[in-house]
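Contents: one structure, followed by commentary.
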Amino acid sequence: MPRPRKLRFVQGHPIVDAFVPNRMPPRGREEVLLPVEGLEAIRLSDFQGLDQETAARMMNISRQTFGRVLAEARAIVADALVMGKVLKIEGGHFDLPPRGRRRRRGWSGGR
């Protein structure tokens, strides 16, 4: 039985949900899907300039998983840009991080 997948934290929902090439006829447009956690990985790494270790912690995933999510997201965006495809941002396996309470890790020694 495979290990259950951890929810990946994103800081918020995307501002837009699609990018459409402006010189494409309405019919015959190919679409590619970018999961919300893929957009978050691009935002943290490429837009904010965070290192992968820090960004992975923010998304509640391992550094290796973050690197894989980022590589997959970059490939999807590159395909859409180079091939003139519609880029839709939707779906994925994510949640917003808890606000206001601290996450406890391990034993606190009775506190």
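Tallying residues that are in contact with a Leu (Cβ under 6 Å, 6 or more places away or on another chain) and hydroxyl-bearing (Ser, Thr, Tyr) within segment 33-54 yields 1. In the condition set (1) more than 16 Å from PRO97 (Cα to Cα); (2) under 17 Å from the mean Cα position of the chain (by Cα); (3) in a loop (DSSP other than H, G, I, E, B), GLN11 is compliant with all but (1). From the list LEU39, LEU33, which residue is under 21 Å from VAL82 (Cβ atoms), of a type in the set (A, V, I, L, M) and in a helix (DSSP H, G or I)? None of the others qualify; the one that does is LEU39.
Examine segment 38-59 for a residue that is surrounded by fewer than 14 Cβ atoms within 10 Å (Cβ to Cβ), touching a helix residue (DSSP H, G or I) at 6+ places or on another chain (Cβ under 6 Å) and of a type in the set (D, E, K, R), and state whether such a residue exists. Yes: segment 38-59 contains one or more residues that are surrounded by fewer than 14 Cβ atoms within 10 Å (Cβ to Cβ), touching a helix residue (DSSP H, G or I) at 6+ places or on another chain (Cβ under 6 Å) and of a type in the set (D, E, K, R).
FYI, it's all coordinate maths here, none of it is from the lab. None of these values were measured; they are calculated from a predicted model. Glycine gets a Cβ as well: all are built from the backbone with ideal geometry, and neighbour counts include every protein chain shown.
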